[in-house]
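Have a look at the structure below, then the notes.
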C-alpha cells in the first residue's frame, strides 16, 4: 500500500508540473484530489490492510495528501500571479476603442432637414394615422367616390367587417389637413411627415410605400404670394441660395388654384441634361391655395380665412441631392448603400 501511495505521489506531481492554466489545474485536482479522485479511491483500501500495517500506511497516505494539496496551492498561486501580471501590463488609462456606429437613413436625414427648414419659418410638426377613413383620405378633400382624381391614387383597401370600402392605408398625408383643422382654429402652421401607400408597379421612381411631407397654413389674409415666398425660401434652403424657382399651373382637387413648384437644374444650370430630362427645370412639389369647399367642411368661413397647402416626397429630394438613380435602393437594406450616408 505504501509503495502504491508513493507511486501515485510521483505521478501526480509530474502531471501537476504540466498544468499551465486554470483549466488544466482544475482537471488535475478533479483527477487526484477530489472525493472521487485517484488518491481518495486508494485511501478507501486502508480498511482492508492488516491491523499491524494500517498505522504506517495511513500516516504515509496523509503525508502524500498534504503534499499534493500544498503543491496544488503553489501552482494555483503561480498561475494567478502570471494572470495578474498580464492584466496590469495593459494601460487602463488609455481611451477605449469605439465600436462601429450606425447613422441616419438618408430618407430620415432629408425628412429632418425639411422639417427643420419649415420650423425656422414658424411651422410646427404634427402627425396622423397611417390607417385612414375614406372620408378623410378622399371625400373631405374634395374627392367624392366618383371623382376621376381617385384614379391617381391606387389604394390599399382594408377588408374590415362592417366597414368594407371605408378604411384604407392613406395614399397621401393630406388627410391630416382635415384632422388638424377640426382640432383647432386658425392661425395654423404645420408640417406633417409620414409614410403613405400606393398600390402600383415598383420601378426606379415608384414604390408602394414612401414618405411625404404635407404642409398647411391657414389664417386671415393668406395669399398666393405667401405660398410662393414660403416655398421659394424652402427650395433655396434645400438646394442652394442661387436657385431660381418656377411655379406653373397644376390640378389638385383640394386646392384652387393649384401649382407645381420647380427649380432650375443644379446639374446643368438650366441648359438641359439627364437630371432635368433636357428641360432645364426639376419639379420638386405640388401646392396651392386650400379649396374653399375644404375650408367649409371643417367649419371655417372661406370669406374670413384662406390658406395654402403643399406636399413633397423626401425620397425625391434625397435622389436629387445625392444623385441616387433608383428609389428602391432606399429600402433594399443594402449596407453598402447605407454606409455612404454615415
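The values are calculated or read from the model by the stated rules, or taken from the named source; none is laboratory data. What you are looking at is a predicted structure, and each value in this text was computed from that prediction instead of being measured. Positions of Cβ are backbone-derived with ideal geometry, glycine not excepted, and every protein chain shown enters the neighbour counts.
Couple of notes before you dig in:
- Listed by first and then second residue, the pairs linking a residue in the range 227-242 that is at positive phi and surrounded by fewer than 18 Cβ atoms within 10 Å (Cβ to Cβ) to a residue that is part of a helix (DSSP H, G or I) and modelled with pLDDT of 95 or more, with Cβ atoms under 9 Å apart and 6 or more places separating them unless they lie on different chains, form an empty list.
- Exactly one residue out of 215, 278 is assigned to a loop (DSSP other than H, G, I, E, B) and either in the same structural domain as residue 130 (by TED's automatic domain parsing) or more than 24 Å from residue 126 (Cβ to Cβ) (or both), and it is 278.
- Subset of the range 325-336 [surrounded by 11 or more Cβ atoms within 10 Å (Cβ to Cβ) and in a helix (DSSP H, G or I)]: 327, 328, 329, 330, 331
- Yes/no for residue 227 being out of contact with any helix residue (DSSP H, G or I) (no Cβ under 9 Å at 6 or more places or on another chain) and modelled with pLDDT of 95 or more: yes
- Residues of the range 152-178 satisfying the condition of being under 26 Å from residue 188 (Cβ atoms) and modelled with pLDDT of 85 or more: 168, 169, 170, 171, 172, 173, 174, 175, 176, 177, 178
- For the range 281-296, a residue qualifies if it is surrounded by 18 or more Cβ atoms within 10 Å (Cβ to Cβ) and more than 34 Å from the chain's Cα centre (by Cα), and the qualifying residues are 289, 290, 291, 294, 295.
- One residue stands out in the range 223-266 among those that are within 33 Å of the chain's Cα centre (by Cα) and part of a loop (DSSP other than H, G, I, E, B): the one that is farthest from residue 283 (Cα to Cα), namely 241.
- Residue in the range 214-222 that is touching a residue at least 12 places away in the same chain (Cβ under 8 Å) and under 23 Å from the mean Cα position of the chain (by Cα) present: yes
- Qualifying residue in the range 311-324 (condition: loosely packed, with under 11 Cβ neighbours inside 10 Å, assigned by TED's automatic domain parsing to the domain that holds residue 284 and assigned to a loop (DSSP other than H, G, I, E, B)): yes
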